[in-house]
Amino acid sequence: MSQAAGIVAEMTKAFETANVEMFAIGLPEARVIAATSAVMRKWNCTREELVGKQLVKFGTGPLSARHLTEDTPYGPVQKVEVTYVPPLGTTRSIRFTPQNLTDDGQNVVMLIGQHASLEEAEEAIQNERRLSLALRSGGYAAWDHDYRTSESYNSPELYDLLGFERGMSHLTFNTFNDLVHPDDRDRTLDDQIKSAPFGSDMFQTRYRVKNAQGNYVWLESIAGVIRSPVDGKPVKCVGLSRNISEQMAALEKMQASERILKRSQRAARLGSFTVNVETGHSRLSTEMIALIGMEDAIVQPNLVVFEKMIEPADREKFREAIELAKHGQNSPVFEIGYKTLVEGELNYFEVKIEADRNSHNLVDQIFGTCQCITERKLLERKFMQAQKMEAVGQLTGGVAHDFNNLLMVVLGNLQLVEQLVKDDERVLKRINAAYEAAERGSELTKRMLAFSRQQTLQNRNLDVNTLLTRMHGILGHAVGATVNLSIIPADELWPIRADATMLETAILNLCINARDAMKPKGGDLTVETFNRTLDEAAAADMEDVPPGDYVEIAVTDTGCGIPAENIEKVFQPFFTTKGPEAGSGLGLSMIYGFVKQSGGHIKIYSELGHGTTMRIYLPRLRTAADEATVSMPEAATQIQPSAAATAAPEPMPAAVSVRRPTVLVVEDNPSVRDVAAAMIEDMGYDVIIASSGAEGLQAIEDRPEINLVLSDVIMAGGMNGPEMAQRALSVRPELKVLFMSGYAPGSLRQMQQELPNAIDLVNKPFTRNDLTEKVKRALAA
């Protein structure tokens, strides 16, 4: 019996009239043969959705039941709970009292519930309608899918979203996934539901779906999953979808604008921060975090962390600007200095802090910008230094010229008076003393003229190696027995054009200064020569030096070193750290003026407690033979092609798989280490990094694939570069080693006598071309 008849039909009419919730279940199929309107109103469903459906085990279908025992004042009572899961909405349940009867030979169970309130049922229906209207107003389309029966329900709005004809049978949960863009397949709801852990019942995703016109539109889908209480597998999925193409287009534009803004801020080195006035919560922008060197921090830094980096002298100024902004006053632009927490480098920000007001004109947020002006400050400092040196040079030159005239009068008159009193020994003694003092004054004016670049130079073609060989004896006597003097000339050194006497004086003065820096114990002094080609990057680091070929003269000592604050002052006239009786303070000033007047440059590299290297760069002299050598290949190419060019090309050999060389970079300065590693990676080599000699030695022992070690010379941690290299070579004699330092190469052999002489050095600061040439040469050695 699939429909009510006989007694069951009469009882259904009675319960219908009484507005009582009732089901009639035919046995043994457990199929619904009758139901009253009270049930349908309560569940907001149609008769077709209930009558004729089979009642299954609880939780395994849209219409399920289970037996319950309900405690009452009269004792426990057996009940049957029927649960209905509609296509959309929440699960609904009603508890019934079962009554067994037989109707025309058919066993029937009458499930009798409570008297239903018509008003409550109408209210539930109205709520369902309101929800449906709200969903349509928000642009949402409803759908559901039954995993057991593979049946899908789509609301008419879903077809409208994709431009399909309403009610098309081929649009199901599975075929919908086939319309998803290939790049978004991993974001489908089906994929998320299947891979979600047990207990995950709510899902949300965005993906592109192909519509009826063949175009992709963005959809946002939200779904809830009903799972089996037995095995946790999804039983039913109910969801909502809406078209968000306009929102995604706006989001893409906003993200593009953000990318442009970030690139602009990165190029301008501009960071920003915000502070909530009420809560005090602060936030730093990504660029701001990168500028203060904390992009790798595990915990996101805030304004409190940044304030600790600010120099004490500027910290109060920064805090005052924040407080003024809280009261609505925008501060003018000001500068602050700060030190990064990791490297401790001093940098500078130009800061602007403003108050943000809400619709009620109240300050609710503070916005600040910080532009890094460290490079500008360094350029300003260099410019000011150059201006100061130029001004001092002009003043010194003018004084020297006037003083020379006065000395000429003094010396001339002393000579004349000497002829008048040549028989009076007492007077002659006084005249000679005055004459010697005037001569010393004349030497001072020569040095002052040299600094001001107004001296007359007797330039001629020079071979610096020959000049140093001739000076070896003089330098040895000048530095004394406590100093080990070494002169290391370069092979095939280029010629220069300079004043030989002034160059000899400059080298002698540098050696004497090195001797004084190594007193009283003495030490090692090395004078070396090199051929150097300065590219634009290297030349830009020097003052008024064009790119080109130069001869370098390096004087290296193992003395006390020069403090960083004094390096910019050493070339100033009359500046000296020695006592008043030890010198005039014009020695380095004279050298500076002579080198600049000769078209070159002088540079200092020093480390306290380790020593100093003074480098003189003088322009290469190009002879007629040099010019012919440079132009010869081009001319030859224009006249006649080579035999190799006219010959038929040979077939290329088959590619052979060769393992890339591996370079170990050992450097205790993180910035230098990162730059060196990046340069080597650009050469096509594999890179391993270490921050100390001990860490580098461990890597050499553990990693047999290392072909070359590029190491700093002076490093913290108890083991310097040469010591690490000596230990490494004792373990692996075939290992190639290349040092990087501001020292000249000869000083390395003094630090570690047991190292092979073939070990080369790349000078800091090095260019990419410098490092590439040195690394390739070291690997090929």
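Note on K429: lysines with a C-alpha under 28 Å away, same-chain residues under 8 apart excluded, are K446.
Across M384, M40, the residue with the most accessible area heads the list, and the full order at a 1.4 Å probe is M384, M40. Distance from a point 7 Å along Cα→Cβ of R660 to each backbone N in the range 705-721: keep the residues under 19 Å and list them by number. Residues 705-710 qualify, since their backbone N sits under 19 Å from the label point.
Once the chain from E320 to R497 is taken as fully extended at 0.36 nm per residue, the excess over their C-alpha distance is 57.8 nm.
In order along the range 331-338, the phi-based Karplus estimate (6.51 cos²θ - 1.76 cosθ + 1.60, θ = phi - 60°) of 3J(HN,Hα) comes to 8, x, 4, 9, 10, 9, x, 8 Hz; Gly and Pro are listed as x.
When F15, F58, F739 are compared by accessible surface with a 1.4 Å probe, the order from highest to lowest is F58, F15, F739. Give the cross-link partners of K13 among the lysines, using a straight C-alpha distance below 24 Å as the criterion and excluding same-chain residues fewer than 8 apart. In chain and number order, the partners are K42, K53, K79.
Between the amide H of N107 and those of L27, distances stay under 5 Å, these residues lying 5 or more places away or on another chain, with hydrogens modeled in the peptide plane.
Tell me, in nm to one decimal, what length is gained between Q458 and D231 on full extension, where the rule is 0.36 nm per residue of separation less the Cα-Cα distance? Walk me through the numbers on the way to the answer.
Values: separation 227, 0.36 × 227 = 81.72 nm, distance 10.01 nm.
So the extension gain works out to 71.7 nm.
Using the Cβ-Cβ distance between S37 and T60 with R0 set to 22 Å, the FRET efficiency works out to roughly 0.25.
Report the FRET efficiency, 1/(1 + (r/R0)^6), for A437 and E504, where r is their Cβ-Cβ distance and R0 is 30 Å, rounded to 0.05. Can you show the working numbers first?
Working: r = 26 Å, r/R0 = 0.85.
Using R0 = 30 Å, I get an efficiency of 0.75.
Note down the net charge around E307, summing +1 for each Lys or Arg and -1 for each Asp or Glu among other residues with Cβ under 9 Å from its Cβ. Intermediate results must be reported in sequence, preceding the final value.
Values: positive: K308, R315, R319; negative: none.
Within the 9 Å Cβ shell, the charges total +3.
Averaging Cα coordinates gives a centre for the range 651-730 and one for the range 487-547; these two points are 30 Å apart. Among 479-490, 153-164, 21-32, 553-564, the peptide with the highest mean count of other Cβ atoms within 10 Å heads the list, and the full ranking is 553-564, 21-32, 153-164, 479-490.
Among the protein heavy atoms of the range 175-219, carbon and sulfur supply 46% of the accessible surface, probe 1.4 Å, non-protein parts ignored. Extension gain, T466-T72: 0.36 nm per intervening residue step, less the Cα-Cα distance, totals 129.8 nm.
The phi-based Karplus calculation (6.51 cos²θ - 1.76 cosθ + 1.60; θ = phi - 60°) puts the 3J(HN,Hα) values of the range 73-82 at x, 9, x, x, 10, 7, 10, 10, 9, 9 Hz, whole numbers, x for Gly and Pro. A protection proxy built from the mean count of other Cβ atoms within 10 Å ranks the segments 527-536, 721-730, most packed first, as 721-730, 527-536. Summing Lys and Arg as +1 and Asp and Glu as -1 over all other residues whose Cβ lies under 12 Å from the Cβ of Y216 gives a net charge of 0. Within the range 190-224, find all residues whose amide N lies under 17 Å from a label point positioned 7 Å from the Cα of A250 along Cα-to-beta-carbon. The answer is 218-220, whose backbone nitrogens lie closer than 17 Å to the label point.
Where the eigenvalues come from the Cα gyration tensor of the range 1-86, what are the semi-axes √(5λ) of the equivalent ellipsoid, largest first, in whole Å?
Working: eigenvalues 83, 60, 38 Å².
They are 20, 17, 14 Å, listed from largest to smallest.
The accessible area of H67, taken with all protein chains in place and a 1.4 Å probe, comes to roughly 140 Å².
For T340, the residues 5 or more places off, or on other chains, whose built amide H falls under 5 Å of its own are E345, N347.
Where Lys and Arg each count +1 and Asp and Glu each count -1, what net charge lies around E246 among other residues with Cβ under 15 Å from its Cβ? Spelling it out: positives minus negatives among the neighbours equals +2.
The modelled label-to-label distance between L362 and L608, using points 7 Å beyond Cα along the C-beta direction, is 5.3 nm.
Which of the residue pairs K194/K253; K326/K377; K339/K569; K308/K377 have a Cα-Cα distance greater than 28 Å in the structure shown?
Values: K194/K253 34 Å; K326/K377 30 Å; K339/K569 24 Å; K308/K377 22 Å.
Going by Cα-Cα distance, K194/K253; K326/K377 fall outside the 28 Å limit.
Per-residue Karplus couplings for the range 712-724, computed as 6.51 cos²θ - 1.76 cosθ + 1.60 with θ equal to phi - 60°, are listed in order as 5, 8, 9, 9, 6, x, x, 9, 7, x, x, 5, 5 Hz, Gly and Pro entered as x. Protection proxy ranking of 200-210, 508-518, 351-361, by the mean of other Cβ atoms within 10 Å over each peptide's residues and highest first, is 508-518, 200-210, 351-361.
The values are calculated or read from the model by the stated rules, or taken from the named source; none is laboratory data. Please read these numbers as outputs of a predicted model, since none were measured by experiment. Positions of Cβ are backbone-derived with ideal geometry, glycine not excepted, and every protein chain shown enters the neighbour counts. Protein only, heavy atoms only, side chains kept; ligands, DNA and RNA dropped before computing areas. Shrake-Rupley method; radii C 1.70, N 1.55, O 1.52, S 1.80 Å.
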